[in-house]
Amino acid sequence: MMTRRLALSLLMGSVLLAATPLSALAQSTDKLKVVATFSILGDLVRNVGGERIEVTTLVGPNGDAHVYSPTPADGRRLTEAKIVFTNGLGFEGWIDRLVKSSGTKAVAIQAAKGVKPLKSEEEGHGHDHHGGFDPHAWQNVANAKIYVANIRDVLIASDAAGKATYEANATAYLAKLDGVDDEIKTAIARIPADRRKIITSHDAFRYFEAAYGIEFISPQGVSTDAEASARDVAKIIQQIKREKIKAVFVENVTDPRLMDRIAKETGAKIGEPVFSDALSDSTGPAGTYIDMMRHNIRAFSSALSS
Ligand SMILES: [Zn+2]
């Protein structure tokens, strides 16, 4: 019995070896294991780390990191990781407890470190865990560039042998981000100035607004855990009618029912779904950070220009 089992496992082992080039085996064990809390950040980390790292994302595509409940598997992922990348600015209210309970020795790094934070404009909604800041800094490409520089620096600090690779990857990706930033500015310049107003369900685009000059109005605060108050909704309905705002948008992480109602009551149309806090899955229109920014600006432009 023993020998048969041994023979079988040897056989299976050799099949596995035959199917997997030795270089690939060596690579997968050598890769620096890192965790990113949400999909957008995971994509930025992947672009800088390239083949040298293995990225695990805790809150996946279309997932809502504001209100996430970590699983025991997430704790194990943290334990195996050398670096934990978080957004910071109070986005992941659950991460500190998870890091602590996992006992991980990983370096925890806030990718938004060095970003000029916007104050949360919420009044009386009681989002204490946000520390008074709006976390959605990645919606300004200039801030994403700060994330990338932070990611590059911490990867080099943890894996000095990869310094040249991380620097080259970051430089190439930063140049792409400059291109996307230009595309957004060009697209917005084409929208008549008096039409640059957009309604979204939760307040995720204030960094975009500050950087690019489209005004965003939202019945819900900067976190999806807040219910829009009846008073806020009524105010927005009046504003849409008064200012003849043409389109409302639903983000991939929010419940569409409120926007459906607002659209029905005002006659505003519902634009294509936009991506605020999470990527789409890889087959969707926003499988990467760059595709997300391009998709959103196309959706805003076509709704506001037509
Ligand atoms: Zn959000």
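The values are calculated or read from the model by the stated rules, or taken from the named source; none is laboratory data. Bear in mind that the values here come from a model prediction, so they are computed numbers and not experimental data. Here the Cβ is made from the backbone with ideal geometry for all residues, glycine too, and neighbour counts use every protein chain on show. What goes into the accessible areas is simple: the full protein's heavy atoms, side chains included, and nothing from ligands, DNA or RNA. Shrake-Rupley method; radii C 1.70, N 1.55, O 1.52, S 1.80 Å.
Observations on the model:
- By the helix-only formula, in which each DSSP H run with n ≥ 4 contributes -39500 (n - 2.57) and the sum is divided by residues, the chain has a 222 nm mean residue ellipticity of -15500 deg cm²/dmol.
- Dipole of the chain, positive end: most advanced residue of VAL48, GLN220, ALA189 [Cβ charges, Cα centre]: VAL48
- Residue separation of ASP225 and ASP255 scaled by 0.36 nm, minus their Cα-Cα distance, works out to 9.7 nm of gained length.
- Probing with 1.4 Å while keeping every protein chain in the model, the per residue accessible area of the chain equals 49 Å².
- Relative contact order %, the chain, counting alpha carbon pairs below 8 Å whose residues are six or more apart: 17 percent
- Using every pair of distinct Cα positions in the chain, the Kirkwood expression returns a hydrodynamic radius of 21.0 angstrom.
- Put a plus charge on the Cβ of each Lys and Arg, a minus charge on the Cβ of each Asp and Glu, and nothing anywhere else: the dipole of the range 182-305 about its Cα centre is then about 720 debye.
- Dipole axis of the chain (+1 Lys, Arg; -1 Asp, Glu on Cβ), positive-most option in ILE237, THR288, LEU258: THR288
- For the range 17-177, the carbon plus sulfur part of the accessible surface works out to 53%, probe radius 1.4 Å.
- Paired Rg and Dmax values of the range 17-177, which use every Cα atom, in angstrom: 16.5, 63
- Qualifying lysines (Cα of each under 17 Å from Cα of LYS176; at least 8 residues distant if same chain): LYS145, LYS185
- Charge dipole (debye, nearest 20) of the chain; +1 at Cβ of Lys and Arg, -1 at Cβ of Asp and Glu: 380 debye
- Solvent-free Debye calculation, one equal scatterer per alpha-carbon of the range 182-305: log10 I(q)/I(0) at 0.10, 0.17 Å⁻¹ equals -0.28, -0.84.
- Label-to-label distance, VAL67 versus ASP281, with points set 7 angstrom from Cα along the beta-carbon direction: 2.2 nm.
- Proximal lysines relative to LYS235, as straight alpha-carbon distance under 29 Å, when same-chain residues fewer than 8 apart are discounted: LYS119, LYS197, LYS244, LYS246, LYS264, LYS269
- Counting only Cβ charges, +1 for Lys and Arg and -1 for Asp and Glu, the dipole size of the range 58-214 around its Cα centre is about 340 debye.
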